[in-house]
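Coordinate-derived values only; no laboratory data. Note that the coordinates shown come from a computational prediction; the quantities given were computed from them, not determined experimentally. Positions of Cβ are generated from backbone atoms using ideal geometry, with glycine treated the same way; all protein chains shown enter the neighbour counts.
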Amino acid sequence: MTRFLITGTAGFIGFHLARRLLGEGHSVVGFDAITDYYDPRLKRARHALLEQFSGFRPVIAWLEDEDALQRAADLAAPEVIIHLAAQAGVRYSIEAPHAYVGHNVVGSFNLLEVARRVQPRHLLLASTSSVYGGSPTPFCETDRTDWPITLYAATKKAMEAMAHSHAHLWRTPTTCFRFFTVYGPWGRPDMALFKFVDAMQAGRPIELYGHGAMRRDFTYVDDLVEAIVRLVDRAPQPDSPIAFEGGSDSLSAVAPWRVVNIAGGAPVGLLEFVACIEAATGRRAERVLLPMQPGDMRETHADHRLLAALTDYRPSTPLAQGVRAFVDWYLDYSGARTAMAS
């Protein structure tokens, strides 16, 4: 059994990761503010499922409250800390920039300070493919990420940089993993899959930005969790960079710190994505084609060689299978919500 402190356990990814670890017999202290960025009832429903495990203990507080974070760490006595809590969303960062600086920069700094005092055997932090900005694809961990095109990406880049400085100064083994369009059951209502299915079930049109020409490297949530679980026991060391075909993990050579893409490396066009949703729902989507939104990336495509070298694994769930799993969950969850409301 391993003792974990995980931030963001009421969130989409944190919930799935915590449920997997609890199911394997580990103990998890989950830290989450249950904010109202989207319907808190969904977040509470996730936590309610986690609370069925005897090894789960929730702490409801804000990342900006360093004392609360320290109390959670004292409760957990963690061997591993996984930081998933953040203000997410590319477009919302244009509307509410202060939330991103507070949660993603100040909150992440507080988490790093707690880790400095606790000294876990591995600190893992969630970053994003958005840090690559307009870099050519496929995105490789050794690419420069100095030109983010959204504040969301800039705050995640800041977190990575702060984590590197902490790893260098305090020698805490640290991994920053970059997510690529994660989807699946219990997903966020602000993400395309949830929005599209919700609109199609209600007979509303769906909005396709970039006139439907965008491409994304979709990652099914169970695949993401599998990759994170495998990375937990592969903490970086400053004197042993990982070699992989065509390059090396040179970013781990200065400090016990690295970045790792978590994705399958198989981007899919937005129209193909919609076709998978139509097949899963049995409904035809009414499409509204719109221009690119500020901050959107035309394509994301991960180089997954480092992940494969470290874990002998890469995400591979077919998009059609993952979309159908989400639709099945959505129909069950929305039906349950309707029944409760009536």
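For the chain, what's the relative contact order in percent, using C-alpha pairs closer than 8 Å and at least 6 residues apart?
About 17 percent, as a whole number.
Please report the antiparallel percentage of DSSP beta bridges with both residues in the range 3-341, rounded to the nearest 5.
About 10 percent, rounded to the nearest 5.
Could you pull out every residue, at least 5 positions away or on a different chain, whose amide H is within less than 5 Å of the one on residue 127? Hs are placed 1.01 Å off N in the peptide plane, and Pro or chain starts have none.
Close amide H contacts, sequence-distant or interchain: 177, 178, 179.
Compute the length gained on full extension between residue 254 and residue 142: take 0.36 nm times their separation in residues and subtract their Cα-Cα distance, giving the result in nm to one decimal.
The residue 254-residue 142 span can extend by a further 39.0 nm.
Using the Cα centre of the range 9-154 as the reference point, and only Cβ charges (+1 on K/R, -1 on D/E), how large is the resulting charge dipole? Debye, rounded to the nearest 20.
Computed charge dipole of the range 9-154: roughly 380 debye.
How far is it, in nm, from the label point at residue 57 to the one at residue 316 when both lie 7 Å from their Cα along the line to the Cβ?
The answer from the label model is 4.0 nm.
Between residue 333 and residue 284, take the C-beta separation as r, use R0 = 30 Å, and let me know the FRET efficiency to the nearest 0.05. Before the final figure, lay out the partial values.
Working: r = 23 Å, r/R0 = 0.76.
After rounding, the FRET efficiency stands at 0.85.
Go through the range 139-214 and name the trypsin sites (Lys or Arg not before Pro) that are in a DSSP coil and have 15 or fewer other Cβ atoms within 10 Å of their Cβ.
Sites meeting the loop and neighbour criteria: 144, 171.
Mind putting a number on the dipole of the chain about its Cα centre? Charges go on the C-beta only, +1 for Lys and Arg and -1 for Asp and Glu, and I need it in Debye to the nearest 20.
320
Show that you can apply the helix-only estimate: for the chain, add -39,500 (n - 2.57) for every DSSP H stretch of four or more residues, divide by all residues, and state [θ] at 222 nm to the nearest 500.
Numbers: 12 runs with 138 residues, N = 342.
After summing the helix terms and dividing by the residues of the chain, the value is -12500 deg cm²/dmol.
Which of the trypsin sites (Lys or Arg not before Pro) across the range 261-312 are loop residues per DSSP, with 10 or fewer other Cβ within 10 Å?
Taking the range 261-312 and a limit of 10 other Cβ atoms within 10 Å, the loop trypsin sites (Lys or Arg not before Pro) found are 284.
I'm spelling it out carefully: the read-out is percent of Cα pairs over 37 Å apart, the candidates are [x] 19; [y] 31; [z] 13, and one was derived from this structure. Which label?
[z]
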